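Below is one structure; the comments refer to it alone.
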Amino acid sequence: MAQRETWATRTGFILAAVGSAVGLGNIWRFPFQVGQEGGAAFLVIYLLLIIAIGFPVMIAEFVIGRRTNRNPVGALQRLGSGTWRYVGWLFFATGFLILSYYSVVAGWTLRYVLLGLQGDFIADVGEAEAQFVSVASGLDALLFHAIFMAAVLAVVGFGVRRGIELAVKVLVPAIIAILVGLAIYSFTLAGASEAYSYYLSPDLGTIADNWRSILPAAAGQAFFTLSLGMGVMITYASYLGEDRNLAEDGGIIIGLDTGIAFIVGLVVFPIFFTAGVDPADPGAGAIFVTLAAAFGDLTFGWLLGAIFFATVAIAALSSAISILEVVVSYLVDERDIDRLPATLGIGTAIFVVGLPTTLDLVLIDLYDKLVNDILLVLGGLILAVFVGWIIYETALDELEKGVRDLGSMGAAWIWFLRIPAVIGLLVVVALGILGYYEFLTGDFADWIGDTI
Ligand code: PFF
């Protein structure tokens, strides 16, 4: 086996991890989850889960990766006994499924770059919604899915990741700058104050009434946006030297990721409230509809919009390659398949599995809910049990490297994994399964009924 690569620069790891975390999860998925789950009630639960569960699980993944220098399957097998191998397979399957529809959504962003360049953004929210529907399914969706997937394969297959490390350096600040500018624009809109109270002042009654759906949605979103629960952070930390302070790195990644999602909310909701649209309505189209409307309203909006969607597409690319990297690194490390054929073969399979989601938005939901409300949180639950209860001594030993004085933080971390994370995630997985069953027998069954 070839000598394993390590990150070229001290910041290489942080950049790649931020590149993985920041993507469609922050910009596309976050606002429509907030919209569907009632606004601020969702936001508080989400933030709590990021801190209480997301952060400890991220450190757990880092520790496993750095300790073993292996892909997730090999890493779990080395640290645990043989049955842990199946967990690695769960990660493999989850990654496969995520990328299949992630690429479709990323394709929409590419299509929106073109809409901008053609001067086709529409200021009217109703019409922008109709425009979104035509972009999001059918031939357009399929074509741009193919283009995006080809780009992902090119990057992973030829190993030009260093280019991505560099791109992230420029991209993340660019995304933040454009979003802050848009948030200021949104602030000037008539619906802003109503939107802020919807987004920022939680109503305990809403939480009490709807926690059964808010909890799995918020936990799934937390894992998705932080790239947790399927081994990406294990893989990336496996290329890491022992001098890094894992807790500090985790804090930076989570701070940036959460900050970006939060600003997206400040952009999106004032636009909906100004136009009189219920933020729950456009669902997966939320960001496309509102931004097309905002850009359609601005002088030079077409240009700003094209730049923005291009930036989002590249952010999606850096996330997508991290997903494919998990899948490919397993085939390369454990199955001795060469990198290029492994990438091409698995990439083609992922493309094909994604095809149904170009037919109708309900099929995006079918994949997306399975991944977020069940698979990622299940992955997180297993990791919390594994690190918190089984390999905690090794884990603490690994965390100490690169940290001058861990103090009581190490013990606190293990206890967060053991109790809040394990119990919280058990509840979340159970609710996620129930919710998914309801979706299958409800919206999905209706769709099948209408189509056949
Ligand atoms: N975190 C990415 C985003 O927010 O777009 C998506 C993602 C990447 C999810 C990697 C899961 C993953 F393992």
Mean separation of Cα contacts under 8 Å, 6 or more apart, over the residue count of the chain: relative contact order %: 35 percent
Where the centroid of each part is defined by its Cα atoms, how far is the range 193-251 from the range 97-157 in Å? 25 Å
Name the shape class, rounded, prolate or oblate, that the alpha-carbon gyration tensor gives for the range 316-452, where a ≥ b ≥ c are the square roots of its eigenvalues, rounded holds for a/c under 1.5, and otherwise prolate holds if a/b is larger than b/c and oblate otherwise. oblate
Using every alpha carbon pair in the range 298-367, what percent of pairs falls into each 5 Å bin from 0 up to the bin containing the largest distance? 3, 14, 14, 15, 18, 14, 10, 6, 3, 2, 1
Once you place label points 7 Å from the Cα toward the Cβ at Ser197 and Met409, how far apart are they in nm? 4.1 nm
Residues Met149, Met58, Met233, sorted so that the one with the fewest Cβ neighbours within 10 Å comes first: Met149, Met58, Met233
Rg to Rh, two decimals, where the range 74-185 supplies the alpha carbon set and Rh follows Kirkwood: 1.10
Decide, for the range 1-107, between rounded, prolate and oblate: order the square roots of the alpha carbon gyration tensor eigenvalues as a ≥ b ≥ c, take rounded if a/c falls under 1.5, and otherwise choose prolate if a/b is larger than b/c, else oblate. prolate
Tally Lys/Arg at +1 and Asp/Glu at -1 over every other residue whose Cβ is under 13 Å from the Cβ of Glu129; what's the total? -4
Could you pull the Cα extents of the range 384-447 along its three principal axes, largest to smallest, in whole Å? 58, 20, 17
Where does each of 444-450, 21-27 land if you order them by average Cβ count within 10 Å, highest first? 21-27, 444-450
Determine by what factor the alpha-carbon radius of gyration of the range 182-310 differs from 2.2 N^0.38 Å, reporting the quotient. 1.29
Ordering of 282-291, 425-434, 185-194 by burial proxy (mean other Cβ atoms within 10 Å per residue, highest first): 282-291, 425-434, 185-194
Measure nothing but the geometry: give the 0 to 90° angle between the long axis through the Cα atoms of 55-68 and the longest principal axis through the Cα atoms of the chain, rounded to 10°. 40 degrees
Could you state the principal axis extents of the C-alpha atoms in the range 253-382, from the largest down, to the nearest angstrom? 56, 36, 32
Calculated [θ] (222 nm, deg cm²/dmol) that DSSP helices of n ≥ 4 give over the chain, each run adding -39,500 (n - 2.57): -24000 deg cm²/dmol
Classify the range 101-255 as rounded, prolate or oblate from the Cα gyration tensor: take a ≥ b ≥ c as the square roots of its eigenvalues, call it rounded if a/c is under 1.5, otherwise prolate when a/b beats b/c and oblate if not. oblate
Let me see the P(r) profile for the chain: every Cα-Cα distance counted, bins of 20 Å, each bin given as a percent of all pairs. 26, 60, 14, 0
Using alpha carbon centroids, what distance separates the range 380-412 and the range 14-48, in Å? 26 Å
Sites Val180 and Asp209 - FRET efficiency at Förster radius 45 Å, r taken between beta-carbons, to 0.05: 0.85
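Quick note: the coordinates plus some simple rules give every number you see, no bench work behind them. On a predicted model such as this, the values are computed, not experimentally measured, just so you know. Heads up, the Cβs are rebuilt from the backbone with ideal geometry, glycines too, and the neighbour counts pull from every protein chain shown.
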